[in-house]
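Below: the structure, in structure tokens.
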């Protein structure tokens, strides 16, 4: 049953925890907090911010969500339905909460939408292969 929980809910929860100040990151722009910087051979400096890390971790979660969508069982229908609810939560928060009107949140919402599209597309393609005509 726990495998039916959409993984894209994790970025939604983490974003809200950081914005609420409960994740230990403060300031006016917590997503611009520099976590790591490295001098490159080209002479430039590469910086990893909290927002960048959030996108990378969310992409990894999206990958696992797409892998979960390849299952062909009744549980996958529940997983897709819960993914739709997560996207709706992203959309409502993006439209109604002032601190969610951020480009990072928009990218996370787009990932949740891609999760829905990929999940339904993969399920429909695999269901099409299961149909036998005699």
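The values are calculated or read from the model by the stated rules, or taken from the named source; none is laboratory data. All figures in this text were calculated on a predicted structure; none of them were measured in a lab. Backbone-built Cβ (ideal geometry, glycine too); neighbour counts: all protein chains shown.
Could you please let me know if residue 106 is in a helix (DSSP H, G or I), over 13 Å from the mean Cα position of the chain (by Cα) and more than 18 Å from residue 5 (Cβ to Cβ)? No.
In this structure, residue 61 does satisfy being part of a helix (DSSP H, G or I) and either closer than 23 Å to residue 114 by Cβ or out of contact with any helix residue (DSSP H, G or I) (no Cβ under 9 Å at 6 or more places or on another chain) (or both).
Only one entry in 123, 103, 76 is loosely packed, with under 11 Cβ neighbours inside 10 Å and out of contact with any strand residue (DSSP E or B) (no Cβ under 7 Å at 6 or more places or on another chain), namely 103. Condition check for residue 67 on (1) part of a helix (DSSP H, G or I); (2) surrounded by 13 or more Cβ atoms within 10 Å (Cβ to Cβ): one failure, at (2). Being under 21 Å from residue 29 (Cα atoms), at pLDDT 95 or above and crowded, with 19+ Cβ neighbours inside 10 Å: is that true of residue 90 here? It is true that residue 90 is under 21 Å from residue 29 (Cα atoms), at pLDDT 95 or above and crowded, with 19+ Cβ neighbours inside 10 Å. Just the residues that are more than 19 Å from residue 50 (Cα to Cα), without any contact (Cβ under 8 Å) to a residue 60 or more places away in the chain and either surrounded by 18 or more Cβ atoms within 10 Å (Cβ to Cβ) or touching a strand residue (DSSP E or B) at 6+ places or on another chain (Cβ under 8 Å) (or both), please, taken from segment 106-117. The one that is more than 19 Å from residue 50 (Cα to Cα), without any contact (Cβ under 8 Å) to a residue 60 or more places away in the chain and either surrounded by 18 or more Cβ atoms within 10 Å (Cβ to Cβ) or touching a strand residue (DSSP E or B) at 6+ places or on another chain (Cβ under 8 Å) (or both): 116.
Tally up the residues in segment 28-61 that are touching a strand residue (DSSP E or B) at 6+ places or on another chain (Cβ under 9 Å) and either under 22 Å from residue 111 (Cα atoms) or surrounded by 12 or more Cβ atoms within 10 Å (Cβ to Cβ) (or both), please. Number of matching residues: 11. Residues that are under 30 Å from residue 124 (Cα atoms), without any contact (Cβ under 8 Å) to a residue 40 or more places away in the chain and under 14 Å from the mean Cα position of the chain (by Cα) occur at least once in segment 10-32.
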